[in-house]
C-alpha cells in the first residue's frame with residue numbers, strides 16, 4: 001500500500017504499531033519519551049521526512065506499552081526503527097539526525 005501521511009502518526013499500543021507496519025510498505029518509527037530534548041529536536045526532522053518521502057513516519061512512547069522496550073531493545077531515546085514490507089530491517093539510536101541523514105536512512109534499499 002502506498003498511502004502517504006504528511007505528518008507523523010502516533011500509535012499508542014503494540015497492536016496499533018503492528019497494524020501500521022503491516023499496512024504500509026515502509027514505516028519509520030521513533031521511540032521517544034516525554035521530556036527528552038533530543039526527541040523534541042527530532043520532531044521537525046520527522047515531519048520533514050513524512051512530507052517529502054513515501055515513508056510513513058510514526059512516533060511512539062514505549063512506556064505506553066512496556067513490552068515494546070524489551071521487544072525492540074530500547075535502551076535510549078530517540079530510537080529509530082525502519083520496517084520494510086512488515087519486517088524490521090534497521091535501527092538507529094545515535095541521537096539527533098538532520099533531514100538528509102534521516103531521509104537517507106528511511107529510504108535506503110534493504
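Take the alpha carbon atoms of the stretch 80-110, find their center, do the same for the stretch 1-43, and report the distance between the two centers in whole angstrom. Answer, in whole Å: 12. Report summary: the helix-based calculation at 222 nm, which adds -39500 (n - 2.57) for every DSSP H run with n ≥ 4 and divides by the residues of the chain, gives -10500 deg cm²/dmol. Within the chain, the percentage of alpha carbon pairs spaced more than 20 angstrom apart rounds to 30%.
Only the coordinates and a few stated rules stand behind these numbers; no lab work does. Just so we're clear, the structure is a prediction, and the values are computed from it rather than from any experiment.
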